[in-house]
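One structure is given here, and the rest of the page talks about it.
Rule-based calculations on the coordinates, nothing more; no lab input. This structure is a prediction, so every number in the text was calculated from the model and none was measured. Neighbour counts are summed over all protein chains in view; Cβ atoms, including those assigned to glycine, are modelled from backbone coordinates with ideal geometry.
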Amino acid sequence: MGKILLLSNGHGEDVSGALIGQALQSLGHNVQALPLAGLGNPYRQTGIALLGRSHEFSTGGIGYTSLRGRLTELVQGQILYLLRRLLRLLRHGHRFDLIVVVGDVIPVIAAWLTRRPVATYLVAYSSHYEGRLRLPWPCGELLASPRFQAVFSRDQLTADDLTGQLKRPVHFIGNPFMDPVLTPAETLPTAQQRIGLLPGSRRPELEENLLLLLQLIEHLPKPAGLHVDLALVASLEDAALHALAASVGWQLERGVLSRPGTVPITVRRDDFQSVLQHSDLIIGMAGTAIEQAVGLARPALQLPGKGPQFTAQFAEAQRRLLGPTVFCAPGDAGSNENIDATAALALDLLKRSSSDQPLQEQCRREASRRLGTAGGGTRMASAISKLLP
């Protein structure tokens, strides 16, 4: 069996990389990972060894962030950290039979520099953004070279587009990050209707996002039978959550956030899978988690924040990527106009989610078209395994 190195550059990319790596390990391969940004916790959680020590930055990765996020990266030393990671890759790359890239142009360039055979999963790029994908230089030239033995895309439109542009086969066989949420999860208590809240995972942006979501819930009426769940990462502990909620008039008691006259919110830590599967409507300020919601054929409602990641610009790009079942209300991020309009739109979508058959059919169609079916990680690992002698 072969020695494989996974190369990724962001939290969502690490999640996909870990799922591919786990499938490759099950086939008998020796797998290590080098996350170019972040701690690489998804790799640790699946038992995949990291190549060297890692460090986390508040922007969560090298990618689509605001100007403030870019400046934060510089101040925190993320660029220097990346250069050190690249040097580590160049020192150790020769030990591996195959480099598997999960991400965008940065790990593509890094993998090419190792002079090793490469397989690439372009999870960060899609032709749905503009209709024709404009790969940043020199990504296209590198992907077209023989050193890159296989290229996988995140949707069929991109596969068809890049097959023509690169003049080589580009394959869409599913998205590994959909596999966990398509596996049946723990059943939640019965409710007539459910709203799932996704504030994201990166602190301190997480706290700012959560305050906006609490403000939004305050603007919702309190209909009978409505249950609201908050999918929260473990890094925001109860003490910090209690202080944050209390600062805006909410109380945390026994895992429930409450405020007089407002729908209570059940806090569910590290339980995204159950929240996604059992919600009729997802309201989110996240990247991969919103994609997973669309892949589960759920309507998703965005609430843009101040960033550095989930800004109005990011939200607009996400709608182009994921299509017409992702909704966003008008108004500047964080403004009363946007909060009021989002609350009204949430009520409308919640009603339509159970009675509007054309919307339900559209959600199912876009889920298949944009994200694919379950088993993407296993299929991709099998295809990658065939590249090894």
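Amide H contacts of residue 124 (H built 1.01 Å from N, in plane; Pro and chain starts excluded): 103 sit under 5 Å, all sequence-distant by 5 or more or on other chains.
Per residue, the convex hull spanned by the Cα atoms of segment 246-375 amounts to 133 cubic angstrom. The phi torsions of segment 121-135, fed into the Karplus equation with coefficients 6.51, -1.76 and 1.60 and a -60° offset, translate into couplings of 10, 7, 5, 8, 10, 8, 6, 5, 5, 10, x, 9, 6, 9, 5 Hz, rounded to whole numbers, with Gly and Pro shown as x. The H on the amide N of residue 98, modeled in the peptide plane, is under 5 Å from the matching H of 3, 5, each at least 5 residues off or on a different chain.
For the chain, adding -39500 (n - 2.57) for each run of n ≥ 4 DSSP H residues and dividing by the number of residues yields -13000 deg cm²/dmol at 222 nm. Bridgeable lysines around residue 351 (alpha carbons under 24 Å apart, same-chain partners fewer than 8 residues away excluded): 222. Remark: 112, 137 ranked as 137, 112, counting other beta-carbon atoms within 10 Å and listing the fewest first. Helix 357-370 against the longest principal axis of the chain: what's the angle in degrees, Cα atoms only, rounded to the nearest 10? Long axis of 357-370 versus the principal axis of the chain: about 20 degrees. What the phi angles of segment 150-167 give under the Karplus curve with 6.51, -1.76 and 1.60, with θ = phi - 60°, is a coupling list of 8, 10, 10, 10, 8, 7, 5, 4, 5, 4, 5, 4, 6, 4, x, 5, 8, 6 Hz, glycine and proline written as x. For residue 194, nonlocal amide neighbours, meaning residues 5 or more places apart or on other chains whose placed amide H falls under 5 Å from its own, are 227, 280, 281. May I have the convex hull volume per residue, in Å³, for the Cα set of the chain? Taking only Cα atoms, the chain has a hull volume of 133 Å³ per residue. Take every Cα pair under 8 Å whose residues are at least 6 apart in sequence, average their separation, divide by the length of the chain, and the relative contact order is 17 percent. Evaluating 6.51 cos²θ - 1.76 cosθ + 1.60 at θ = phi - 60° for every residue in segment 39-48, the Karplus couplings come out as 6, x, 4, x, 5, 4, 5, 9, x, 8 Hz, glycine and proline recorded as x. Of the peptides 261-267, 285-291, 6-12, the ranking by mean beta-carbon count within 10 Å, highest at the top, reads 6-12, 285-291, 261-267. Would you work out if segment 139-248 is rounded, prolate or oblate? Take a ≥ b ≥ c from the square roots of the eigenvalues of the alpha-carbon gyration tensor; rounded if a/c is under 1.5, else prolate when a/b is larger than b/c, oblate otherwise. Prolate. Centroid-to-centroid, using Cα positions, segment 132-190 and segment 1-33 are 16 Å apart.
Taking the C-alpha atoms only, the angle from helix 78-92 to the longest principal axis of the chain is near 40 degrees. Taking the C-alpha atoms only, the angle from helix 312-322 to the longest principal axis of the chain is near 70 degrees.
In the elastic network of the chain, a GNM with C-alpha springs shorter than 10 Å, the most mobile of 134, 53, 379 is 53.
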